[in-house]
Structures are given as structure tokens and as C-alpha cells.
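Just so it is clear, none of the values below were taken in a lab; they were calculated from the coordinates. Given the structure is predicted, the values throughout are model-derived calculations rather than measurements. As a convention, Cβ positions derive from the backbone with ideal geometry for all residues, glycine included, and neighbour counts pool all protein chains shown.
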Amino acid sequence: MGWKVEAYDDATVPAGTFKAFRLRSSPGMNNASYDTIWYDPGTKLQVKRVYERTAGHFLGSGRVGP
């Protein structure tokens, strides 16, 4: 699985709004899932994460995260 920087934008979470890199993973095994994370270089933290399953995933389609 590889990662691609899609943007440098705002990520709003309950702790506030952070300027963060939005990174998206390439499809996982069998093109069944993707991860999107927002990484804030100022705090050196992952401030937000969304995990998405496609219909090809053994659990079916779905999403975890905001």
C-alpha cells in the first residue's frame, strides 16, 4: 500500500482546526479499503483519520471516521 499527498488544507476536529497534509492510501488488498489521514507537521500528529471499505471488502462497504 502506498500513500499520496492530495492537499494541504484545514482539518477541523473537536480539538480545533489544523493546517494539515491530507494523505490517501492506495487501495488495500483486493481494492477493498482506503485510508485518508490528515497530518499536522506543526504538532507532528495525525489529527484526523477516515477508513473506508468498498463493496469488495468482506464486511461490505462502510466508513469509520468523521
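How big is the charge dipole of the chain about its Cα centre, in debye rounded to the nearest 20, if each Lys and Arg gets +1 on its Cβ and each Asp and Glu gets -1 on its Cβ?
On the way: 9 positive and 6 negative charges, 17 e Å.
That gives the chain a dipole magnitude of about 80 debye.
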Next on the checklist: Within a 10 angstrom radius of the beta carbon, how do SER61, SER25 rank from fewest other beta carbons to most?
Outcome noted: SER61, SER25
Next on the checklist: Loop only by DSSP, 13 or fewer other Cβ within 10 Å of the Cβ. Give me the trypsin sites (Lys or Arg not before Pro) in the chain that pass, ordered by residue number.
Outcome noted: LYS44
